[in-house]
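Have a look at the structure below before the remarks.
What follows is calculated from the coordinates using simple rules that are stated; it is not laboratory data. Quantities reported herein were computed from a predicted structural model and do not represent experimental measurements. So basically every Cβ, Gly included, is an ideal-geometry build from the backbone, and we count neighbours across all protein chains shown.
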Amino acid sequence: MMDLLSDAVSWVLIASGSAFIVVGALGLIRLPDVYTRMHAASVIDTLGALLLLAGFGIQAGLSLITLKLVFIFVLLFFTGPVVTHALAQAALHEGIEPVLSEDRREKPEQAPQDPKQEGAIEP
Amino acid sequence: MFVLATLAILAALTLAVARAIRGPTVFDRVLAGNVVGTLAILLLSAVGFMTGRPEWLDIGLTYGLLNLIGTLAVLKYFRHGDLAYDVEEDSGS
């Protein structure tokens, strides 16, 4: 009875983890620019890996194998955001613009159009 | 059920490699390489459980550490053009 229950739980975890991994990889193909693709890749790094490794851990039972699975998950959980941050920073530094549906940034080069008028406002 | 996980990981690996080949910028390729590394760890554990030899998880752990170092090294190379750059040369950024 207990075996059947743990088998069912780990089956559900592994199936949903596989689904999240495939969804993340589809996002990696379908999304329009590098920043949104990072968002899709983080699904694989966190939720897909968590669910898959939790399912494997239930299959393995409580042993050294489970500890190794926890180590792998902690490694992925902490290095994923570090790599994503470094990647986004490097891409911004390189001058790659994100694809925006509307640009809400203020453009500082257009605000003071006429320096003479600005001088007239200043007392 | 490990076969299902293995097949899903292999399908995701195919898509990630396709993005690495197509990717318009170098950062798409670095991102796809990082995803391939993560999926390789998961594939190692899935195949290890499938064949009844979960000792492969050690290889997965080592591969995860190497993947982090490799990705950061490639990013540093493309940002500074050099792996051994001097901080004081680059104080403008």
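What the table shows:
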quantity: Taking chain A and dividing mean pair separation by its residue count, relative contact order in percent (alpha carbons under 8 Å, at least six apart); calculated: 25
quantity: Directionally averaged shadow of chain B, computed from the convex hull of its alpha-carbon atoms, nm²; calculated: 7.3
quantity: Separation between Cα centres of segment B:23-40 and segment A:1-75, rounded to whole Å; calculated: 19
quantity: Share of alpha-carbon pairs per 10 Å distance bin for chain A, given as whole %; calculated: 12, 26, 22, 15, 10, 7, 4, 3, 0
quantity: Calculated FRET value between residue A:93 and residue A:12, using beta carbons and R₀ = 41 Å, to 0.05; calculated: 0.45
quantity: Residue-averaged [θ]222 nm for chain B, counting only DSSP H segments that reach four residues, each worth -39500 (n - 2.57); calculated: -26500 deg cm²/dmol
quantity: FRET efficiency for residue B:14 and residue B:53, using Cβ-Cβ distance with R0 set to 22 Å, rounded to 0.05; calculated: 0.30
quantity: Cα extents of segment A:1-55 along the three principal axes, largest first (Å); calculated: 49, 15, 8
quantity: Label-point gap, in nm, between residue B:66 and residue B:83 - each point 7 angstrom along Cα→Cβ; calculated: 1.4
quantity: Rounded to whole Hz, the Karplus (6.51, -1.76, 1.60) HN-Hα couplings of segment A:34-43, x for glycine and proline; calculated: 5, 6, 5, 5, 4, 4, 5, 5, 5, 4
